[in-house]
Structures are given as structure tokens and as C-alpha cells.
Amino acid sequence: MAFQLIGVIVFGYLIGNYLDDTFRPGKTKYWTAGLILLFLMAYLYKIIKDLGTDK
């Protein structure tokens, strides 16, 4: 489950930076990556909640 958490964060970061480089060359970076991570927060919350419970 921890690998899934790390994977989601890295995926959001990489996709966001790719979109920034493709569609906004020369502009401030990391805006799209930040927005994607905000949209993924619900999924990240579920993963963190599952990590905190004993199964």
C-alpha cells in the first residue's frame, strides 16, 4: 500500500510536469503537477486511511 501511495504522487508529478512542458513552455512549472495532486487528494486520503488501519 505504501508503494501505491508513492506511485500516485510520482505519477501526478510526472504527468503534471509533462503537461506543463508540452502546453506551457517557458512558463512557471509545477502548477499543473500541483493541480493534479489536488485532484488526487481523495485517492491519497483513502490510501493513507487504509495504511492506518490494522487488517
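Check residue 29 against each of (1) touching a residue at least 12 places away in the same chain (Cβ under 8 Å); (2) part of a helix (DSSP H, G or I) and name the one condition it does not meet.
Evaluating residue 29 over (1) touching a residue at least 12 places away in the same chain (Cβ under 8 Å); (2) part of a helix (DSSP H, G or I) leaves (2) as the failure.
Condition first: β-branched (Val, Ile, Thr) and closer than 16 Å to residue 7 by Cβ. Now tell me which residues in the range 28-55 satisfy that.
Listed by number, the residues that qualify are 36, 47, 48.
Out of all the residues in the range 42-55, is one or more touching a residue at least 12 places away in the same chain (Cβ under 8 Å), in contact with a Phe, Trp or Tyr (Cβ under 8 Å, 6 or more places away or on another chain) and of a type outside the set (Asp, Glu)?
no
As an exercise: evaluate residue 51 against (1) in a helix (DSSP H, G or I); (2) loosely packed, with under 12 Cβ neighbours inside 10 Å; (3) at pLDDT 80 or above and give the number of the one condition it does not meet.
(3)
Select from the range 2-37 the residues that are aliphatic (A, V, I, L, M) and loosely packed, with under 10 Cβ neighbours inside 10 Å and list them in ascending order.
2
The values are calculated or read from the model by the stated rules, or taken from the named source; none is laboratory data. The shown structure was predicted, so the numbers you read here are calculated from the model rather than taken from an experiment. Note that each Cβ is placed from the backbone with ideal geometry, even for glycine, and that neighbours are counted across all protein chains shown.
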